[in-house]
1. Which value in Å is the Kirkwood Rh of the range B:792-861 over different Cα pairs?
2. Kindly provide the Kirkwood hydrodynamic radius of chain B in Å, to one decimal, from all pairs of distinct alpha carbon atoms.
3. Arrange B:Met278, B:Met399 by Cβ neighbour counts within 10 Å, fewest through most, would you?
4. Note down, for the range A:427-518, the three equivalent ellipsoid semi-axes (square root of 5 times each alpha carbon gyration tensor eigenvalue), biggest first, whole angstrom.
5. Please give the charge dipole size of the range A:427-518, origin at the Cα centre, charges +1 on K and R Cβ atoms and -1 on D and E Cβ atoms. Round to the nearest 20 debye.
6. Run the helix sum for the protein assembly as shown: -39,500 (n - 2.57) per DSSP H stretch of 4+ residues, divided by residue count, reported at 222 nm to the nearest 500 deg cm²/dmol.
7. Quick one: Karplus J couplings for the range A:396-404, per residue in order, coefficients 6.51, -1.76, 1.60, θ = phi - 60°, nearest Hz, x for Gly and Pro?
8. Evaluate the Kirkwood expression for the hydrodynamic radius of chain A, namely the inverse of the mean inverse distance over all pairs of different C-alpha atoms, and round to one decimal in Å.
Amino acid sequence: MNKYIKMAAGVVTLAIVASCTKLDQNLNSTLTSQQTANALGAAFVLQNAYNDVGNPYSDPGNVFALEEVTADECLIPTRAGDWDDNGKWRALHQHNWSVDGVDIFLNMFNALNKITFDATNVLTPDFKATKEQIAEARFIRAIALYQIFDLWGQFPFRPPADNLLNAPKVYRGDSAVQFIISELNAVIPDLSAGNTISQANVDAANFLLMRLYLNHGAFVNRQSPTFSDADMQKVITLGNAIINSGKYGYSSNFFDNFNPSNSTSKEIIFASPNTAGVVTNNTGIHNMWWSTSHYNQYFSHYGSQGGWNGFSTVADFYNSFGVTVPMTRTPNDTLIDPRIGGRYYKGATDQSGIRPGILIGQQYDEKGNKLTDRKNNLLIFDPNIAPDLKENGANLELTGYRIAKYVPDFSNNGKNYNGTAGNWCVLFRYPDVVLMVAEAMMRQAAPNNAGALALVNSLRAARGTTAMTSMILNDATNVYAPNTLLAERGREMYWESVRRTDLIRFGMFLKPWAYKSASGDVKNLLYPIPTASLAANPNLKQNDGY
Amino acid sequence: MTIQRSLARWVSFTLLCVLFTQNAFSQTKTITGKVSDDKGTPVAGISVTVKGSKTGASTSADGTFSLNVPSTATTLVFSGVGYTSQDVTIGDQTSLSVTLATTTSNLNEVVVVGYGTARKKDVTGSLVSVQSKDFNQGVVTSPDQLLTGKVSGMEITTNSGQPGAATTIKIRGNNSIRVNNNPLYVIDGVPLDGRTARPSLNLGQNGLDFGPTPETNPLLYINPNDIQQIDILKDASSAAIYGSRGANGVIVITTKKSSSSGTKLEMNTSWGVNIGYMKKYPVMDASEFRANLAKNNLKNDSGASVDPLKEISQHKLSQNYSLALSGGNDNGKFRVSFLGSSNQGLIKKTALDKYLGNFAGTYKFLDKRITIDFNLIAGHTTENIQLLSNTAGAGGNLMSYALNWNPTKALRTGKGYSLAANSFSATNPLAVLDGFSDVADVNVFLGNISATVNIIKGLDYKFLFAINHGSGSRNTNAEGWIDNLKGVSGQGFAAINTTILTSQTFTHTLNYRTNFTDDLKFEAVAGYEYWKTDFDNNTIAATGFNTNLDYATRTNVQYTDFMQNAKTLFPMSTIRDPRTEIQSYFGRVNFNLLDKYYLTATMRADGSNKFGANNKYGYFPSVGAKWNISNEDFMKNSNLFSNLGLRASWGITGNQEFPAGASLEQFSSTAFNSIGQTNVANPDLKWEKTTSINFGLDYGLLRGRFYGSLDYYRKNTTDLLFQSTAIQPAPASIYFINLPAHLINYGIEFSVGAAIVQQNDFSWDFGFNIAYNHNKLTKFNQAPIPTAQVSGQGVSGALAQIITNNQPVNEFYLKKFGGYDQNGNQIIADTPSFCGDPNPHVLMGLSTTLRYKKLSLVINANSATGYLIYNNTHNTITNIGQFAKGLNSDANDFKTKESTGDGVAASSRYLENGNFVKLRNATLTYMIGDVAGGKVKNLSVFVSGTNLFVITKFTGFDPEVNVDKNNNNYPSRNMEYIPYPTPRAISFGLNLGL
């Protein structure tokens, strides 16, 4: 008996010992950081940080929604069965959002912080990044920090190789601005002169510095910004350096800056690239036209189904171009500022009937046939939007002017229209430098209004529109007043995700405008930190009023 | 007592009288006698009949009877509830003294506990055993359907009407706040992975306007005819032996083994058809549509009258053939079975074909000291799937096309299918049926072999090795000629998707059984188990094909056979999950004193490579005790209780269903030739822990005429595996943590079985169970987690449910609907509020068997109450606004004040009461018995109806619905969104043995 037991015990012990495992885990489809460092290195990790920048700015449901829909040039009416989307679009435009009522707050808080994370990862010693790579990574991180700070008034910051289970410290107020400025100043010497517009480059870094200096007064006191002369001089100096470098100029057609081959535009200082026809190398720029065009525009072409009939603009904005006569369809109409659009554009109008810019009135297909909506009404975009932004009437698909600033990519038999467009997402553009310098001139201790007007008129001349005879910063009673720098910024920079920042800097964000009454509620100057993010990091502080 | 007895008598006599005409006997004699039980106690209420006639009497309170019988009568039959019926030859006797044996009740049934078996009456835990004879009948494509309504506290919801679709099983409430939380399945001692090798498909990728498609059932490869019994381990005492995978309960499936008496052949066949939708969806027919067009001055009347829902459905014949051959002797037994079946779906071009072979055997060697058991299952299934995805956007899915199609517009034209009028017309559902195909082929091999060595008396060593290998491929084709299908029209789309799933189990167990004294029995099990599983999936997808872009010139060559023809290949996706390995040590001891006092203790240590570096091993103890009161001397003579036992148990079970690799830092390759970190490492990550207590009462009354149990349980799940918001800046928005919240489930379960009448010619059995569950999340200090995506146009970003403190999991959280304003537009609150619970509070199951002679009728019904369903279909597919666009919509909306121009918004308006009673199955069987001189045995024929009707106020297709609408993997519950509808089916079958 004993022998059996011993034998059995032996066999069992042997069997168990033989099959014992250490329980280590192989990742199989993913790499460890060590493998990444050894096999791929910093260049691949840096590329990831670059990629992160595209989508938050390409898709109008992202940063765009927080910078434009909440401002005076963009709104999305709820069209009966469409665009209710939990009421978020109305809440954004009417400034009555709640902390978690708009999912974009959390999505963008995460997406922008992911940029800072991925950029910081390049700095991890394991990856042995070069000085140049580190400088590029810190520049990308500065873009994200700037944007987070702009939207929420604070940003969390982790050093490289930080333990992700620890709550990072948070920058706010002036120290946040100074931190980003110091980051940019630190990296500029390390950036290569030969870097292209899709890479961190010296001009882009200086551009971001200009934004920081120009907004500095607003960033530390959004309710009543004051502008120091020192900051304004910085803006002017940095801006003049870019202007005088001779590297940049104006495109002959405003919309060439946004067309599928805009990567060659002389106006672009920094952009996020997209490769036409390649799914992986695309950040969703096609949503810029999908979101606004009517369902029946460009319908039934090569598997396409038109647009989403959502994002719209208002007549007041259209009128801020100084429109005195109705738009015609004449291709050579020179009466009106060309930036308003509506003119024949080769590659777009001949493909779809779409005339880039602000789409008003009757819409046509590429053969010149009048389009209709789904109820067989003529597709005439109508500026009269329901006061509560809830369309229920027979014209519910027609209300609101539309904007096609990005020229749809119809290449690849129209397929690129649907998601593999080649338009680069424009982030920093030369005319903004000119406008920022002009603004700083007007805000400096001894305002140089004439110099500012001359700069602005040079821009207007390049655009093929008439000179302004006088210009003030803004009209406190009317956000759309045409002869203001604020309106000029609107005419040039519309739908480029800067409008809210502008309005706050000009002290106009809480004022009334089309389909939005004066809120006066200062809490709206910053967005709420999403509850989930706040709970995750106790160092974050909920913004006042939420 | 008296009532039951007279009821029984009444029923039996009435039936006898109705069904048979009275015969008169010319000559009679009187027989008297007394009936007593095996203890000598007189038994009342025993039916005494003359064999082969209706003449009968019943014993009185003192057990005596008196009966006039024809002089030709030779045999009397004695039968009664709780007793084995007995034939007694009369001969010359006029006075009989009969002793009846008590029926062996289910208490001596052997139930399967983890790593062993036990007699039901010795089990200290809460465990339900369902034998094959009690399984649901009718159309059954996977084993879990055999159990619906049979087990108190177990909710089984089929996720889709597609044959073979996955089910959501909740045992004792909602136990977790993650997706994929079904119980652990154990088949013949081998734990399954829970996933399947059927490739899943997310049509939402690659620019198509569709979402993920429903998953398939992991138990498809088990032939329902091969199952001997299924044991459901509900509490910690029974499930803790499965450690870190036992917290959702364990379903133990035991397949049939051969008997040792000669060679036998069993054949089961059935043929069936779907006879239509179990419940109609309230969209308008052509005449209603026309009438409403006129009323609203709309001109969308195209002149025809069609019923698209009918057009997309089919009544093809389903067939089922199963053959089992078994035989053997004392030293060796085998059983071989084959199943060939073709189940046709309700929707055209949907079906599940199955071919399964099973070879099982037991052989003994060396004076029976060594036993070799094996069981090999090889299976092949082919699924034909249609375009019915879970989260389809504005582009919809096949059901939305059928629901929305203008019923006055013909679906076909002379040359093909009618086209969409504009971008918003519904896509032609028949064109989609024709031009879309999605076929999944899966091969599965499940094999296990074990050797048991009897070392000394009472001590056995067992080694088990099992492998479960599945490989699946799925070819999806959407032909470019289909009109008005975004991403498909004019270009075509195809995807080939392959999956391989392999798991292996090695188990060593030592089992020791002894009697310390005559009164104290002892049993112990100790074991070691190693389990590993690998999963990989590869997808290629392409668009821009040159063929089949035009209906007239389409070819029969599928895109998937022709991928090089495509102009655009989507980025290839290859995923190989990190291997999961679990290494466990476990043990159990049982003490049994005098068959009155029982004590069971178990312990399992589970190490898993999924756990973080700081937490490699988890420990899961349990204890259970039972007092078998009916074996106490003072109860021995009780006439009321034939069985009475009290149980109590405590224990900890675990859950480790989170993705492998979640605790580690990971870098993934992304766009533009880059790589980035994608996971927040959490070295502290560990299992989720459920501490539960259970108090139970098992009872048998009146010699087992009534039996059942009553249980109270309370479970507290802590260290919840939870996808928390990452602390930004972070590489991802969420990461896995163990949240120190408490998810509480408590409830009461009651079951009763009754043998109401048990006579030779007539019997009536009845089973009923009811369970109440209460579910609440407490001490949840996180930000509330909104989940349950509402899908469709105009509701993006809307979520219907919330996971938050002091609420049931998945509480509905919606903006309140406040009627209509004077313009007929809905009034909806600005902010959401708590709106009710999607988790059913009360579950009921009912089954009854009526047998008269050779005819028997089995009816199974079940019910769930106290919960709400979100009708997302009505919200975004069939809302009245669609009518204004020329689409069909819900007829009921026209009875309200709502205008056709009203908006679409997610709100409490679409919450509907889910309460239902469903007649799941009714089967009428005629048992012909042995024919052809006994050469053909047990011949029976049956006709069976499945999902015959449902009583509910819910307006959708089926109140038993759970379309997966998870948000970032936070689960949803009871959301309905254009699901595959539930069919009503009828089948006919024939069973025999040789």
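All of the numbers you see were taken from the coordinates with simple rules; none came from a lab. What you see is a predicted model; the values in this text were computed from it and never measured. Glycine gets a Cβ as well: all are built from the backbone with ideal geometry, and neighbour counts include every protein chain shown.
1. Kirkwood radius, the range B:792-861: 16.5 Å.
2. It is 30.9 Å.
3. The order, fewest Cβ neighbours first, is B:Met278, B:Met399.
4. 21, 15, 13
5. Dipole of the range A:427-518, to the nearest 20 debye: 180 debye.
6. Mean residue ellipticity, 222 nm, calculated: -5000 deg cm²/dmol.
7. 4, 8, 9, 6, x, 6, 10, 10, 10
8. 24.9 Å
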